[in-house]
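Worksheet: one structure, shown below.
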Amino acid sequence: MGRGARMAAALGSSSNTSTGARPTAGSWFMCLYVGPAVLTLASLILGLAMVGVLPWLLGSEDPGSRRAAGFAVLALGPVLSMLWVWTQRRRWSRIFDRLFQERFAAHADLLPAMLWTVRPDSMCDFLNSAWLEYCGRDMNSQLGHGWLDIVHPDDRLASRGTFLGAFELRRPFRLYYRLRRSDGVYRRFVASATPTYGSDGSFSGYLGVSIDIEEQASAVDMFRASEERYRGIVEDQTELICRWTPDGVITFVNEAYCRAFGRDSAQLIGREFAPLIPEEDRQIMIDVAARLGPKEPLIVSEHRVIVADGSVRWHRWTDRALFDGQGNVVEYQGVGVDITESKLAELSVKQANERLASLLKREADLRRELNHRVRNNLASLLGLVELYSKSSATVPELAEAIRGKVAAMREVHELISATSGGADLASLVSRLAGSFAKMGQGPSRVTWEGPTVLLPPEVATATAMIVQELLMNSLKHGALADASGQVALEWAPPAEGPGLSLVWRERIPSRMAFADLVPDPSRVGMSDTPPQHGGAGLSLVRGLASFELRGDASFSFEPAGLVCRIRIGVPLDLPQAPSKPTGQTRA
Amino acid sequence: MKVIDDHGTKKIILDTGRTVPDRPQRILVAEDEHLVAAEITARLTELGYVVVGPAVDGEAAIRLAHNGVPDLAVLDIRMPGPDGVAVAKDLYTTLGVPSIILSAYSDGPTIAAAREAGVFAYLIKPASQDQIRAAIEIAWDRYLDLMRARGERDELHRRLEERKFVESAKWILVDKKKMSEPDAMRALQKRARDTRSKLLDVCRDVIETGDF
């Protein structure tokens, strides 16, 4: 089969119909159809004549031989027709072949691509003018395997191998090679070839086309070079760089990113970045992704990340949205830096500032409270002066009363300073009773007993002033003024309610003897009648018990001496199993 | 606000209906420290005031005030229960009693809280008798001024409302009876005189019935 037929097979039957060739359709019709018909008709007529008509006309002297000759003529007609058709078909095939070759060559020469055909024996039998013009050679030098001469020496072996390998398998093939131009410059081509088959299905070779892809290849090379440069730049960065899709899948990470997270790129690319961020900070990234868009293409955010060893570090990310031609976000790119150290320093400074602010506030509160205390104490002192100025007969007496209360306040202050929270009642009573002993007020005894109780500052101050007032009153007018007199102070939790109950009991043995003789002490004016000179003191005790201690005070002037019951209504911390500290002093 | 003479004593009837003396007489004291309370009580007594209390905490102060309404209150800030600021607010809101704060605190936030509660004076402990007297007098005058201003404001507001009423009735007559504006006004006044009614009642009747 010729190249024209292969082309016809390759290009389709339409090629056959486009033969506006020099042999006309009429001559082709005459040759292929009219000729055989005439031959067949002629043989039919001649055969019939020989079989029947001729013997009938001529008489039947030897009809058998003439009939046999007639049948022979009848059979000869189709044979001759077939022979005619066969010869004409060969003739016309050659004509069509030549026509196709001419038309194919004419069409192939019009193509900008380089077209070529190869025979089944792998020998090239046609190259269009584009090929010949490119290489500047003539057709004969390129036919057969001559085309390999313009293939780049480095590509020649591979090209030949691919070429021949495809021939064995008779499959389409594609070949990338460099071809030398007429000026000696090699350019890159891609050759695509497809096997061709004749109308009888026989393999007739290959039809191939070689397309100059130098421009595209150069563009690809430039792109690759650019990408390499980008990668080089990116890899050289100390900043972490990554890209991810809108659904949170990482598509690119640089070396710094891998180092920062302690993972290689294969462990990161194609995976979601969400697990790299602590759950409580993920909303930050969700918000960033939601905000990134044409209106806000760049957002800086700070959040924590989890690295490979599980430790948490701080990153600052500058995220940018990458858009397609329609303005849709196709990818995000983030450039990050590890700010753990600065963040920790910042947090440290913040904590230090908070501590400082707290200390300053505390200092201000303390100053405010101190101011309040000083002013309140001044107001209390004024109250004391007011209270005792009316009941004191002389200035020394007034001074003594006020000095005693100030001393009581001092004792409380010292105790509170020592314990930093409150004053132990037993210690307080001991100090107050001891101070009277130092004053040399004469021989008398004071005893006290009760569970360990720590009194809050306000309660301790009021209690101290009450006890001091009772001691002073007793020294002047009560049991301690008597040589045999005794005072007992007892305290215990109240039967009901919060706080504490205190009982101050004075005992003068000489009065007790007198009381035995007088069963009804009220008759001698000693039971319910408070002393005339104790008005201010009693008022102070009652007032302090009512105001500061949120309780009350009652007095009973019994024959044996004064009994004062004081109830502290302020809730106090009392031990579950109260100890019983006791003490006594010789005042 | 009216000033009346009650057996030789001037009294003022406030627009709220409360009757107060021209100078305060009964002063409520609330202070949780006995000696301070005693001192204030003594000072106020010396100044000629009748002391109500002293109340030992905020609840007691409110209770005492409701039992016998004082003219004015002198309150400590830090007290058990409601503090002095809360008590001052309560007394002014429910009883119309003005308050003076007497506190050892002098910091900005505390004073600001007292100002927002509407107290009329703020004294720092320990306050002298003169300071207390001056504070009480100024606080009382400011209180009366405020009551007076408030009364005038209410009166102006009432008159404005009445004026709107009269205007509405007048324009109904202008619209329906085709009267001129002065004629409509005269007609309303005449109707009030003839029926011995208040002009406001006549106007209300016109507005409600839509007829004259």
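Read-outs throughout are calculated quantities, based only on the coordinates presented, and are distinct from any laboratory measurement. Note that this is a predicted model, so its numbers are computed, not measured. So basically every Cβ, Gly included, is an ideal-geometry build from the backbone, and we count neighbours across all protein chains shown.
The table for this structure:
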item: Residue-averaged beta-carbon neighbours from other chains (10 angstrom radius) around B:73-83; result: 1
item: Under Karplus coefficients 6.51, -1.76 and 1.60, residue-wise ³J(HN,Hα) of region A:425-430 in Hz, glycine/proline x; result: 4, 4, 5, 4, 4, 4
item: Within 10 Å of each Cβ in A:483-490, the average number of Cβ atoms from other chains; result: 0
item: Other-chain or far-sequence residues with amide H under 5 Å of residue A:213's (modelled H); result: A:188, A:189, A:190
item: Label-point gap, in nm, between residue A:86 and residue A:351 - each point 7 angstrom along Cα→Cβ; result: 10.8 nm
item: Fraction of beta bridges assigned by DSSP in the protein assembly as shown that are antiparallel (%, nearest 5); result: 80 percent
item: Charge dipole magnitude, Cβ of K and R +1, D and E -1 - the protein assembly as shown, Cα centre, debye nearest 20; result: 2200 debye
item: Per-residue mean of C-beta atoms belonging to partner chains within 10 Å, peptide B:37-50; result: 3
item: Selection of trypsin sites (Lys or Arg not before Pro), region B:1-55, meeting DSSP coil and at most 12 other Cβ within 10 Å; result: none
item: Alpha-carbon centroid distance for the pair region B:1-26 / region A:127-174, whole angstrom; result: 127 Å
item: Fraction of alpha-carbon pairs over 18 Å apart in region B:1-111 - percent; result: 49 percent
item: Cβ crowding within 10 Å averaged over residues, with A:397-408, B:187-198, A:422-433 ranked highest first; result: A:422-433, A:397-408, B:187-198
item: Between region B:35-55 and region A:228-258, the alpha-carbon center distance in angstrom; result: 82 Å
item: Tail weight of P(r) past 18 Å, computed on alpha-carbon pairs of region A:163-308, percent; result: 73 percent
item: Projected-area average for the protein assembly as shown over all orientations - Cα convex hull basis, square nanometres; result: 93.3 nm²
item: Region A:344-381 versus region B:128-206: alpha-carbon centroid distance in Å; result: 55 Å
item: Residue-wise HN-Hα coupling along region A:311-322, computed from phi with Karplus coefficients 6.51, -1.76, 1.60 (Hz; x: Gly, Pro); result: 6, 10, 10, 9, 10, 10, 10, 10, 9, 9, 8, 10
item: Whole-Hz ³J(HN,Hα) from phi, Karplus 6.51 cos²θ - 1.76 cosθ + 1.60, for region A:115-124, glycine and proline x; result: 10, 8, 10, 10, 7, x, 8, 6, 8, 5
item: Per-selection Kirkwood Rh - region A:263-411 (Cα, Å, 1 d.p.); result: 22.0 Å
